[in-house]
Each structure stands twice: as structure tokens, then as C-alpha cells.
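Student: This structure is in C-alpha cells; I'll ask about it shortly.
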Amino acid sequence: MKILLTGSTGYVGKLINAGLGHRWDITGASAHAIPDARNFQCNLADAEQVRQLSKQISPDVIIHAAGDKNLARCEANPAGAYLANVQTTINLAQSFPDTRTIYISSDYVFSGDRGSYREDDALGPVTVYGRTKACAELAGLTLNPQFCVLRLSALYDEKATFLRFLRESLTRGEAVNCFEDAFYSPTYFGDFLIVLQHLVENPVLGRRIYHACGQRISRYFFAKLFARAANLESSLIQQGSRITENAPFIFADISLENTLTCESLDVSVGRHQEYLSFLGLTR
Ligand SMILES: NC(=O)c1ccc[n+]([C@@H]2O[C@H](COP(=O)([O-])OP(=O)(O)OC[C@H]3O[C@@H](n4cnc5c(N)ncnc54)[C@H](OP(=O)(O)O)[C@@H]3O)[C@@H](O)[C@H]2O)c1
């Protein structure tokens, strides 16, 4: 199967290449890729560059994982966020109008006040990042009948920034404050790849919006689980509050729920405790 993977140089793109590159014929495209037989350098926010790209390749499926996920940068530069997240999606939908496209989206399309958001819940983004991701979802779903959305919570593997920070701080004996009043549903990279593989390889599934996420958990308890699994000093993880520490982009409960996805793809996802035990042993 021929795949065009946008954002191939990014964190998500590299996970896809490493985990599923053996199954598919993947061609990458990103703004600063080093061009070679398998990679295009292409600013996807530039409609003409995307048109040229569409003349050079005809993929069976596009996985659109290019974008800007830096919340502070998006807030400071909404126009840049629009280009990276929305315009890239519009350009792909217009230049590849009949190509099945899987858009990697985010839990930030929801407001983050009540949590357990379902695939069919109404959107309510409150950050620039979230608004541009929501806008990209709607644009893609409108322009391309073969467009579907795969929303993730924070992805984690052994290289995840948060886990590396925890490991390094706890190894140095430094205490770490983690919010006990902020819930989310972090996505284990293996679960993400299972869901993505199903979406790519099963063209007709009947739904257009999917969630790949883990169980709802507080940031504090997630850190505790990792510290215990990695045999690090878990008493150094201390309870913090997103309210007293004034964390602007951390919400009370931005967790996703995935029952509709699991039922329609016939998959089940695992438990953070098992995954963190595995990652705790991986250095
Ligand atoms: N990581 C997560 O936990 C997570 C969770 C939920 C959703 N997502 C979504 O997944 C997507 C990718 O996230 P990531 O973690 O892989 O981010 P990342 O590491 O920052 O990578 C971003 C990728 O997008 C490419 N890109 C950005 N603007 C582009 C443009 N105008 N034209 C072409 N390529 C462009 C970058 O290319 P260059 O490096 O070549 O510039 C890079 O390959 C984002 O849209 C994000 O919303 C990520």
C-alpha cells in the first residue's frame, strides 16, 4: 500500500515510520525534509507546492501528521498556527480530493472542563492550537468525502519528553510537582499504531472520527505509576495544582473516551500500568 506521510520528520511521523514502515510503502513529506527517493521537501501551507506534489505521487492513503502542536507558539502567532494546521489540510484536500486521508488531530479540540469526550461530542476548543485543529477537522471532512479524523491525547513512548524529564529529575533526586487536579488520557504509541493500521488497511469502516487514547488518569498518578515502574523514588513526585501554579494550557479534564472507536474497529487498548512497567525497564 502506498502511503504519503506528512510530517514525516516529526515525533508522530517517526513513530509511524518506525512502527509501520515494514508494512507499507511510505513516502514522507515535510517542510524541512532532506529530499531523497522516499522524502519530499514541501511546504504544505503553499497550495502550489502541494499541487506539484500531487503530480509526482498518487498514494492510496495520506496520513496527515504535519502541523504545529506548540501551544505557546500557536497562541503567540495565530496566523502561523492557521497555516500549519488548517491551510496544510485544505491544500491536501484540494490537491488530493479523492484520496483517503487520515488526519492526526488532538484532544485540544475539546474545552477540557468535563472530560471523557466521545468521538461524536460537540467541539469547543479554547486555545488557538485547539481552534486550528478543530477548523482543520471540519475543513477536511467538508472538502474530501474520504477524509477521516484520528484524535490522540498526549502520545507516549520511551522517548516522550515528560517521561524523560521525570526519569532525569528523579534520578538526580529532585522533587517534581505533578498536577493532581488535571486529568487526561495519554495515548500509548503502540495503541496509536494499532488503531492507525486498522484505519489504513480497512477502507470502509462507517465512521469518520476516531479516538486513540488510554484510560483517564491524573497527571500526578500517571507520574507515580511511571516512577514505580522504573524503580525510581516515587515519593519525589509531589501533588501540585494547576490552579495554584497557574498552568495556562493544562485543563481540569481533557480526557478522551474511545468506545465507538474500539467497537467499530474491533480493537481493545491496554492499561497505563502495563505499558509504563514496560517503558520503565527501557532506557
Ligand atoms: N505528539 C503528540 O503527543 C500529539 C498528540 C495529539 C496530536 N498530535 C498532532 O500530530 C501532529 C504532529 O505532531 P508531532 O508531535 O509529530 O509534532 P512535531 O514533532 O512538531 O512535528 C511536526 C511535523 O510537521 C511538519 N510541518 C509543520 N508545518 C509544516 C508545513 N507547513 N509543511 C510541511 N510540513 C510541516 C514538520 O516538518 P519539518 O520538521 O520538516 O519542519 C514536522 O515534520 C500535530 O498536528 C499534532 O497536532 C500530536
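Student: Could you list, in sequence order, all residues of region 34-81 that are farther than 23 Å from Thr99 by Cβ and assigned to a helix (DSSP H, G or I)?
Tutor: Leu71, Ala72, Arg73, Cys74, Glu75, Ala76, Pro78, Ala79, Gly80, Ala81
Student: Further question on the same structure: What about Gly7, is it more than 6 Å from the ligand (Cβ to nearest atom), assigned by TED's automatic domain parsing to the domain that holds Asn91, touching a residue at least 12 places away in the same chain (Cβ under 8 Å) and in contact with a helix residue (DSSP H, G or I) (Cβ under 7 Å, 6 or more places away or on another chain)?
Tutor: On the way: more than 6 Å from the ligand (Cβ to nearest atom): no; assigned by TED's automatic domain parsing to the domain that holds Asn91: yes; touching a residue at least 12 places away in the same chain (Cβ under 8 Å): yes; in contact with a helix residue (DSSP H, G or I) (Cβ under 7 Å, 6 or more places away or on another chain): yes.
The answer is no for Gly7.
Student: Let me confirm something: among Glu263, Glu257, which residue is without any contact (Cβ under 8 Å) to a residue 12 or more places away in the chain, closer than 30 Å to Ile3 by Cα and not hydrophobic (A, V, I, L, M, F, W, C)? If you could, list the steps in order and put the result at the bottom.
Tutor: On the way: Glu257 fails: without any contact (Cβ under 8 Å) to a residue 12 or more places away in the chain.
Being without any contact (Cβ under 8 Å) to a residue 12 or more places away in the chain, closer than 30 Å to Ile3 by Cα and not hydrophobic (A, V, I, L, M, F, W, C) holds for just one of Glu263, Glu257, which is Glu263.
Student: Filter region 112-123 down to the residues that are touching a helix residue (DSSP H, G or I) at 6+ places or on another chain (Cβ under 8 Å) and surrounded by fewer than 22 Cβ atoms within 10 Å (Cβ to Cβ), then identify the one that is farthest from Tyr184 (Cα to Cα). Quick ask: steps written out before the conclusion?
Tutor: First pass over region 112-123, keeping only residues touching a helix residue (DSSP H, G or I) at 6+ places or on another chain (Cβ under 8 Å): 117-120, 123.
Remaining after also requiring surrounded by fewer than 22 Cβ atoms within 10 Å (Cβ to Cβ): 118-120, 123.
Details: Arg118: 13, Glu119: 15, Asp120: 18, Leu123: 16 Å.
Per the criteria, the residue is Asp120.
Yes or no, residue by residue, for (1) farther than 26 Å from Ala134 by Cβ; (2) surrounded by fewer than 16 Cβ atoms within 10 Å (Cβ to Cβ); (3) more than 9 Å from the ligand (Cβ to nearest atom):
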position	(1), (2), (3)
Thr27	yes, no, yes
Asp36	yes, yes, yes
Asn39	yes, no, yes
Cys42	no, no, no
Ala45	no, no, no
Glu48	yes, yes, yes
Lys55	yes, yes, yes
Ala66	no, no, no
Asn70	no, yes, no
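Student: Still on this model: Taking the criterion of being near the ligand (Cβ under 8 Å from one of its atoms), crowded, with 21+ Cβ neighbours inside 10 Å and farther than 18 Å from Leu199 by Cβ, would at least one residue in region 13-20 satisfy it?
Tutor: no
Student: So Phe147 fits all but one of (1) outside the structural domain of Pro97 (by TED's automatic domain parsing); (2) touching a strand residue (DSSP E or B) at 6+ places or on another chain (Cβ under 8 Å); what number is the exception?
Tutor: Condition not satisfied by Phe147: (1).
The values are calculated or read from the model by the stated rules, or taken from the named source; none is laboratory data. The structure presented is a predicted model; accordingly, all values stated were derived computationally and were not measured. Ideal geometry is used to build each Cβ from the backbone, glycine not excepted, and the neighbour counts take in all protein chains shown.
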